[in-house]
Amino acid sequence: MKDGKWAYLPSPAGTRLTDVTAITEDDGGGIWLVDAQKGLYRWANGHITDFSDEPLLKGKSILVAQPDGTGRVWLGLYEGGVVVFDGSQFRAYSERDGLAGGFVDAVLADEHGTVWIGAERGLSRFRDQTFVTWNTANGLPQERVQWILDDSGGQIWLGYSTGVVRVSTSELGRAAQDPSYRVAYDFFDDGDGLKGNPDRRWQSPAVRATDGKLWFRTSEGVAVLDPQHLTRNPVPPPVHVERVVADGIEVDTARKVRLKPRTHDVEIDYTALSLAEPRKVLFRYKLEGFDSDWQEAGTRRQAFYTNLPPHAYRFRVLACNNDGVWNESGTTLGFDLLPAFYQTQWFRLLCALTLIMLAWAAYRLRVWQVTAHVRDRFEERLAERTRIAQELHDSLIQDVMGISLQIEVTDELLPSGGAAKQSLARALGLCKSALDAGRRALKDLRAVSLSAADIVKSFSQLSGEFARDGGPEVDVIVEGHERPLNAVTGNDVLQVGRQAITNAFQHAHASRIHVLLSYGEQHLRIRVQDNGRGIDEKTLNSGRPGHYGMAGMQERAQRLGGNISIRSRVGEGTEVDLYVPA
């Protein structure tokens, strides 16, 4: 068309294009022709170039052809993806590169050099050699974009099968940075005066005129939209809660709403008044005391809650009109969900007290069982000690006393000054020592309990026996609040301490021995420490062959349920620590 008149333009000689479906002009003035049967051609300076044998286009259908202002021509394919000609070669992009999947309906190059592509499964943007795609997952109303236009205000217009969307590039950019962000947009359909639905037949279903108006095809004809003169509804819609339904029964909201205990389902119906376009009123609500954030309800006018716990709740609902003007104050409805008896605080407290009492009873029962078991073991050992004491008294001590009497008689029969008198005197002394030791052992076996004084006395007597021929100084310290030990336990504790003192006298060659008897809240401790020559590591770990002193201490400590540690280094003395649980 030139000067207001149409003229027929014949194609160059040698070509016969009978099924042209797309035409566009590139930046060099060349005309690109897409023939549905024969393929792609470029017509420039009276000559035509045949690209029908291009491998990237072989066997594929081109739905749209569009230049981008940088010398490239974009070709959208029915089979999916785009092919770009940069002046010298073709290059293909597909879903693997980030492009929206499915057939490509539309390509738009805006004034900033950004290329927008509308496909069967979303909207894509090509910028800085990178694709970004948006679809319903980002909040757009549908997947397939039939056509794309831009306007002078930085807005992108998208044609869908149900209406037209206006969205700002900044909104799309925000969604590209945050995939969870829901794109905000304006939607125009028959409620705004659009007759029919946007429709696409071959190329150019929509264009922008030089005056800025958008012209696009619909199922009823052609529609015109003027982006510069769109009317806007500034009135926020008033919001109202219509009714509350609890377990299928409507509740009177004229009075304070108190729902009965064990209410399972709660339904709240609300609405908003907007005479301009009621279908496009959007809602969001929040149940304070249950919801942590606002719930986007869209156009739904009902809220549903199931199995709410007993509580005092406050339901808030907001609404916006067809142009996104929100009524920020909205409306509220308070209601109480009463608790059943087992949901009250006093019932929970009673249950907690009952559990505590049961736990205490179980604990006391267990303590009684353990105590009875320990008492039985102690009684067994006490009976055994009594039997040994009887045997010691009736046999061994009596026999030693008999031997002592015989020695005395023999000593009296021998004349004074004889050589045998000295040997008999030594034998008589040994018998008396054996009797004293036997009586001490008998006393220990017969004792009902041991006090700190008994333990200290036993340690002192043992030290005195070893100190007759000289030896180290021994000091015994008692600390803490004294408590008596039963005979069975006390004997094991006493024997461990005596064995540690004996080892210090016999093997350590020490100049000083410290003995600590400590009564603590959680344990009884006996520590025997000397400054002698110490024990080498091998002996400390394995003991001396034929000697069982350390092994015996370990066995007694294990029987007591306690633990014993022996720490020593050659030349630095030895420390024996016994801990017995209180």
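For Val570, which of the numbered conditions (1) more than 26 Å from Pro472 (Cα to Cα); (2) surrounded by 12 or more Cβ atoms within 10 Å (Cβ to Cβ) fails to hold?
(1)
Return the total of residues in segment 195-227 being without any contact (Cβ under 8 Å) to a residue 12 or more places away in the chain and buried (at least 16 other Cβ atoms within 10 Å of the Cβ).
Residues in segment 195-227 being without any contact (Cβ under 8 Å) to a residue 12 or more places away in the chain and buried (at least 16 other Cβ atoms within 10 Å of the Cβ): 1 in total.
Within the set of pairs 6 or more residues apart or between chains, which connect a residue that is within 20 Å of Val257 (Cβ to Cβ) and acidic (Asp, Glu) inside segment 333-349 to a residue that is loosely packed, with under 13 Cβ neighbours inside 10 Å and modelled with pLDDT of 90 or more with Cβ atoms less than 9 Å apart?
Asp336/Lys256; Asp336/Arg258; Asp336/Ala312
Of the numbered conditions (1) more than 43 Å from the chain's Cα centre (by Cα); (2) closer than 22 Å to His112 by Cβ, Val165 satisfies every one except a single condition; which is it?
(1)
Give Ser416, Ser404, Ser395 a once-over and let me know the one that is part of a loop (DSSP other than H, G, I, E, B), at pLDDT below 90 and either aliphatic (A, V, I, L, M) or over 30 Å from His264 (Cα atoms) (or both).
Only one candidate qualifies: Ser416.
Could you tell me whether Pro238 is at pLDDT 95 or above, closer than 24 Å to Asp323 by Cβ and not basic (Lys, Arg)?
yes
Output the residues belonging to segment 19-59 that are part of a loop (DSSP other than H, G, I, E, B), among the small types (Gly, Ala, Ser) and over 17 Å from Arg91 (Cα atoms).
Passing the criteria: Gly28, Gly29, Gly30, Ala36, Gly46.
Before we move on, is Ile501 within 25 Å of Leu560 (Cβ to Cβ), among the β-branched types (Val, Ile, Thr) and modelled with pLDDT of 75 or more?
yes
Filter segment 516-564 for residues that are of a type in the set (S, T, N, Q) and in a helix (DSSP H, G or I) and give the result.
Across segment 516-564, the qualifying residues are Thr539, Asn541, Ser542, Gln554, Gln558.
Where the second residue is of a type in the set (Asp, Glu) and the first is under 30 Å from Val374 (Cα atoms) and lies in segment 559-572, which pairs have Cβ atoms under 7 Å and are six or more apart or on separate chains?
Within 7 Å, the pairs are Arg559/Asp492; Leu560/Asp492; Ile564/Asp577; Ser565/Asp577.
Any idea how many residues of segment 246-297 are buried (at least 18 other Cβ atoms within 10 Å of the Cβ), in contact (Cβ under 8 Å) with a residue 60 or more places away in the chain and closer than 30 Å to Asp189 by Cα?
3
Just checking, how many residues over segment 110-145 are in a loop (DSSP other than H, G, I, E, B) and not charged (D, E, K, R)?
Final tally of qualifying residues: 10.
Pull out all pairs, ordered by first then second residue, where Cβ-Cβ is under 8 Å, the residues are six or more apart or on different chains, the first lies in segment 1-18 and is within 20 Å of Arg42 (Cα to Cα), and the second is surrounded by 10 or more Cβ atoms within 10 Å (Cβ to Cβ) and at pLDDT below 80.
Leu17/Ser11
Evaluate segment 141-150: report whether one residue or more is without any contact (Cβ under 8 Å) to a residue 60 or more places away in the chain, under 21 Å from Gly324 (Cβ atoms), within 41 Å of the chain's Cα centre (by Cα) and surrounded by fewer than 18 Cβ atoms within 10 Å (Cβ to Cβ).
Yes, the conditions are met somewhere in segment 141-150.
Restricted to segment 527-552, and to residues that are out of contact with any strand residue (DSSP E or B) (no Cβ under 6 Å at 6 or more places or on another chain) and surrounded by 18 or more Cβ atoms within 10 Å (Cβ to Cβ), which residue is farthest from Arg377 (Cα to Cα)?
Looking at residues that are out of contact with any strand residue (DSSP E or B) (no Cβ under 6 Å at 6 or more places or on another chain) and surrounded by 18 or more Cβ atoms within 10 Å (Cβ to Cβ), I get Gly532.
The values are calculated or read from the model by the stated rules, or taken from the named source; none is laboratory data. All values derive from a computational prediction rather than experimental measurement. Methodologically, a virtual Cβ is constructed for each residue, glycine included, from the backbone with ideal geometry; neighbour enumeration extends over all protein chains shown.
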